[in-house]
1. If each residue's Cβ is checked for other Cβ atoms within 10 Å, how do 164, 60, 82 rank with the fewest at the top?
2. Go ahead and set up a Gaussian network model of the chain, Cα springs under 10 Å, then flag whichever of 31, 22, 103 fluctuates most.
3. Arranged by the count of other C-beta atoms within 10 angstrom, fewest first, what order do 89, 109 take?
4. I need 30, 147 ordered by Cβ neighbour count within 10 Å, fewest first.
5. So, in nm, how far is label residue 159 from label residue 193 when the simple model puts each one 7 Å beyond its Cα toward the Cβ?
6. How much FRET efficiency would the formula 1/(1 + (r/R0)^6) give for residue 45 and residue 176, where r is the Cβ-Cβ distance and R0 is 25 Å, rounded to 0.05?
7. Could you calculate the FRET efficiency of residue 168 with residue 27 from 1/(1 + (r/R0)^6), where r is the beta carbon distance between them and R0 is 30 Å, rounded to 0.05?
8. If you take the square roots of the eigenvalues of the alpha-carbon gyration tensor of the chain and sort them as a ≥ b ≥ c, do you get rounded (a/c under 1.5), prolate (a/b over b/c) or oblate?
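Each reported figure results from applying straightforward, stated rules to the coordinates on display, with no laboratory input. Treat the numbers as computed from the prediction; the structure is a model and nothing was measured. Cβ placement follows ideal geometry from the backbone for every residue including glycine, while neighbour counts extend to all protein chains displayed.
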């Protein structure tokens, strides 16, 4: 198995939430702690925070990788992670996908392990109930850095900021994940619904 590093995207403004989503309380942890600890068992080369709006994130035990192109959306954060990784595999998830489970990450890693010789560039989570493009979740994915980075970087240089459009030149492999595990927590209402669902 090649080198695997984990990255949690945490550089967004959280404008709809009204406070930093990375610091939301999830299972007696903050969201950023929850996500970093979720990735740790799968990432022998370490877990990193990609972007940090709050000084509290700078004080966490996971190193922060700063995004030089802040305010440019998640594609910028993905590229910052890949620039840090340089090679191998980058396991990248968004901080607000807090319903993800250990088994979901294991499924992505397992798909990468068993299909690596087929040369996909990215293994990504895809909703079990939406087989079309809208069911794709590129912010929960395993990326082959050497082949993905040049394509995404060129798209970024060409002013493309949508991950869903930027990755069209990549060889993609979907990994089916429960739809309830792919919810984004973007607003206080989203977070309240998430907490009610978890009980």
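1. Values: 164 12, 60 17, 82 24.
By the 10 Å Cβ count, ascending, the order reads 164, 60, 82.
2. Fluctuation is largest for 103.
3. Details: 89 26, 109 20.
Placing the least packed residue first, the sequence is 109, 89.
4. Details: 30 22, 147 14.
Taking fewest neighbouring Cβ atoms as first place, the list is 147, 30.
5. 3.4
6. Details: r = 27 Å, r/R0 = 1.08.
Once the sixth-power term is evaluated, E becomes 0.40.
7. On the way: r = 36 Å, r/R0 = 1.20.
In this case the efficiency is close to 0.25.
8. Details: a/c = 1.39, a/b = 1.22, b/c = 1.13.
Here the chain falls in the rounded category.
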